[in-house]
2 protein chains.
Amino acid sequence: MADTARRPENRYGNRPTMKDVAARAGVGLKTVSRVVNAEPGVTPETERRVQEAIDALGFRRNDSARVLRKGSTASIGLVLEDLADPFYGPLSRAVEETARAHGALLINGSSAEDPDREQELVLALCARRVDGLVIIPAGDDHRYLEPELRAGVATVFVDRPAGRIDADVVLSDSFGGARDGVAHLIAHGHRRIGFIGDMPRIHTSAERLRGYRAAMEDAGIPVEDAWMSLGVTDPERVRHAAEEMLTSPSPVTAIFAGNNRVTVTVVRVLDEQRRPVALVGFDDFELADLLRPGVTVVAQDAAQLGRTAAERLFRQLDGTLLTPERIELPTRLITRGSGELPPAD
Amino acid sequence: MADTARRPENRYGNRPTMKDVAARAGVGLKTVSRVVNAEPGVTPETERRVQEAIDALGFRRNDSARVLRKGSTASIGLVLEDLADPFYGPLSRAVEETARAHGALLINGSSAEDPDREQELVLALCARRVDGLVIIPAGDDHRYLEPELRAGVATVFVDRPAGRIDADVVLSDSFGGARDGVAHLIAHGHRRIGFIGDMPRIHTSAERLRGYRAAMEDAGIPVEDAWMSLGVTDPERVRHAAEEMLTSPSPVTAIFAGNNRVTVTVVRVLDEQRRPVALVGFDDFELADLLRPGVTVVAQDAAQLGRTAAERLFRQLDGTLLTPERIELPTRLITRGSGELPPAD
DNA sequence: CCCGCACCTGACAACGTTGTCCAGGCTCTA
DNA sequence: TAGAGCCTGGACAACGTTGTCAGGTGCGGG
């Protein structure tokens, strides 16, 4: 029974443990723990010896064991749709900053807009015992989270509401923003206005569509089916959809784009048109002001969204926040030219 | 001595453990473990009973304990400069995809270009016993990683090389790319060419500056100090620097921008100039083709950078990769107009 | 000079899981 | 029908850390 047989073969070689440090420093295990955690009650001389042994062995505390013992991981999970989407950059950054301010690490993953993958990710994070979750949901049924919520995992949904459970939600006012954006086009004389957006099963898309319809109805303009294109998001199909509504029997003179990916593609299409077509997009994007014409957008503050969510998360953890709420942040219309073009009939 | 006194007060309330599940199902602890891990040797009937208890209690395995026992966390760490920088979006996405393909989670953090913060983050990740690290370094001395490397933590540096240790590195060819970009301007007749870049202590910045100098030297053009602006990255100062070199005694007729943040600001400045000034930027960015003129760039493939790094990481973990290497990915010059403007003397 | 007190230090159990090992019951065959 | 072998299930230790508690030392005061 050689000593080597006692340790399981893992890929870490054999990292030194507190026990090893203690042996080398000629002190007890607990004393090492005290030094590592800067607890009081250790003679400077003893502390020096321990510190020396730590440096010599290259010891690093094993947080898994610590977590197991203490019950809190000081880490939070962030589940979003796509790390590479520029919209989520400032959002994750804000969540990370807040986490950092609370001494927590951030674990994150992309759901790729797939509800199953979202659930898989969230549950994996729960198994790691993250203290809290910030979720940009892909699915619309989150009852699978009920045991977690009961167990006290703090949870905040961002950008889209939770489905079938009662949880904190931080949103942008998609409905109001879209309505204002479309009303802006109407105010500039447009009546035939197109809408291109993502699948209505995504809450924000549905809300923006609703805003579009509301603005049109407020102005007493009947909406034609040919003006609306839903569930379209990849560049090829957005291009096709835009071209369709520009050449339909009653061609649109303006387009409202439901998110920034759509907006960017529409900009390309309009760039190729002979007659000017007005455009308002939901979501701001870098360089929108440098294009000719500048792109008028309904801007939402992604960083603020993330900050608000993360702060609520930590307030849940503090215990200073108890009842779930739904917070809606206002949007802001930024006029840059494309939304103020008159209709070219 | 109530039972409740036995459990430490943690924020998870009391989550059910395998022991609880076992008690409820009327089986042994290990049997539950077998069911949870889909190990063979459990009767369907027993499995059903256990599964029922799991669902009823909302049990979720505690991965901390599992990790402690097994030694591997199935997670990797990604340390980058700024989550919100669009350049890192595709990179993190690629790392995440690769991690996912290997069944690993991604933990990440931003160093904000601060070496201390980088070290702090990296060591925190090591304490969590991540299996591997992908690091976009902020500092230039990574000897603090030596104990970790010895302990077998797989490590790959991306975008910038490691300092004072021998480690895997995946880079873009900053020197060659910058040289080509500047040579492109020279080929279009420019001789007074400005360079605006980040601090030379950042490896990529230094390399790009070196590329600029090499191209100028190859063409026999002496470089004036007034044409170079280093360590400048925030919009205000970039603007100032650009304006300076455009109005100096020997004003530049073209600018080479050292990274995409600089490029974007320079675009704004040039947009306000009366005479046309040529521009080539390092790093591609969205919509560069839609500006007037389109912005000519030296493009690097961020996603490929991330994918290559992550794949090498997992090959290190497989044991199929043993000696550290330095890999340089080529860049690509994309001409769109701004780099082909003739000098306006 | 001795008692008590404060201050350090270390032994030990526990966190929740998995690997090892053994016991008991079953089936199948001789 | 008995023995061999297989299959299922459980008891137990160990992973590395931290909380509890008790022992030991040195010092000051009575």
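Here are the numbers for the structure shown:
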| item | result |
| --- | --- |
| Proxy reagent accessibility, fewest Cβ within 10 Å first, across B:His190, A:His203, B:His142, B:His240 | B:His240, A:His203, B:His142, B:His190 |
| Other-copy label distances relative to B:Glu45, 7 angstrom Cα-Cβ extension, nm | 6.9 |
| Cβ-derived FRET efficiency at R0 41 Å, B:Leu322 paired with A:Ala65, nearest 0.05 | 0.85 |
| Estimated 222 nm signal from helices in the protein assembly as shown, with DSSP H stretches of n ≥ 4 weighted -39500 (n - 2.57), rounded to 500 | -13000 deg cm²/dmol |
| Neighbouring partner chain Cβ atoms per residue of A:90-103, average, 10 Å criterion | 3 |
| Shape metrics for the range A:261-303, restricted to C-alpha atoms - Rg then Dmax, Å | 10.6, 38 |
| Residues in the range A:184-223 reached by a label modelled at A:Glu244 [backbone nitrogen below 12 Å; 7 Å Cα→Cβ] | A:195-197 |
| C-alpha long axis of helix B:174-187 to longest principal axis of chain B, angle in ° | 30 |
| Dipole magnitude (debye, nearest 20) for the range B:174-300, charges at Cβ of Lys, Arg, Asp, Glu | 220 |
| Scattering profile of the protein assembly as shown at q = 0.11, 0.12 Å⁻¹ [log10 I(q)/I(0), Debye over alpha-carbon scatterers] | -1.22, -1.35 |
| Distances in nm from B:Leu123 to the matching label points in the other copies, shortest first (labels 7 Å along Cα to Cβ) | 3.8 |
| Ranking of B:Asp116, A:Asp289, B:Asp141, B:Asp198 by count of other Cβ atoms within 10 Å, fewest first | B:Asp116, B:Asp141, A:Asp289, B:Asp198 |
| Antiparallel bridges, percent of DSSP beta bridges restricted to chain A (to nearest 5) | 10 |
| Cα gyration tensor, chain B - rounded (a/c under 1.5), prolate or oblate | prolate |
| All lysines inside 22 Å of A:Lys30 as judged from Cα atoms, apart from same-chain residues fewer than 8 positions distant | A:Lys19, A:Lys70 |
| Residue mean of other protein chain beta carbons inside 10 Å, B:82-89 | 6 |
| Quotient of Cα Rg and 2.2 N^0.38 Å for the range A:240-314, N being how many residues it contains | 1.37 |
| Per DSSP, loop chymotrypsin sites (Phe, Trp or Tyr not before Pro) in the range A:242-300 with at most 11 further Cβ within 10 Å | none |
| Theoretical FRET efficiency, 1/(1+(r/R0)^6), r = Cβ-Cβ of B:Leu29 and A:Asp116, R0 41 Å, to 0.05 | 0.85 |
| Using alpha carbons only: equivalent-ellipsoid semi-axes of the range A:106-172, gyration tensor based, whole Å | 16, 14, 12 |
| Neighbour-limited loop hits for GluC sites (Glu not before Pro), the range B:300-342 (at most 13 other Cβ within 10 Å; DSSP other than H, G, I, E, B) | B:Glu325 |
| Using a 7 Å Cα-to-Cβ projection, A:Glu328 label spacings across copies, nm, ascending | 5.6 |
| Centre separation in Å (Cα based) which lies between the range B:324-345 and the range A:33-69 | 51 |
| Peptide-level mean, for B:120-130, of C-beta atoms on other protein chains within 10 Å | 4 |
| Net charge dipole size for the protein assembly as shown [Lys, Arg +1 and Asp, Glu -1 on Cβ; Debye, nearest 20] | 2400 |
| Options B:Val262, B:Ala302, B:Pro330, ranked by Cα towards positive dipole end of the range B:198-345, top entry (Cβ charges) | B:Ala302 |
| For the range B:233-298 versus the range A:275-295, the gap between their alpha-carbon centres in whole angstrom | 21 |
| Rounded, prolate or oblate (a/c below 1.5 giving rounded, otherwise prolate when a/b exceeds b/c) for the range A:174-300 by Cα gyration tensor | rounded |
| Packing rank of B:92-99, B:27-34, A:157-164, B:61-68, where each peptide gets the mean count of other beta carbons within 10 Å, highest leading | B:92-99, A:157-164, B:61-68, B:27-34 |
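Bear in mind these aren't lab numbers, they're just calculated from the coordinates by the rules spelled out. Note that the structure is predicted; figures quoted are calculated from it, not measured. Every residue, glycine among them, receives a Cβ derived from its backbone with ideal geometry; neighbour counts consider all protein chains shown.
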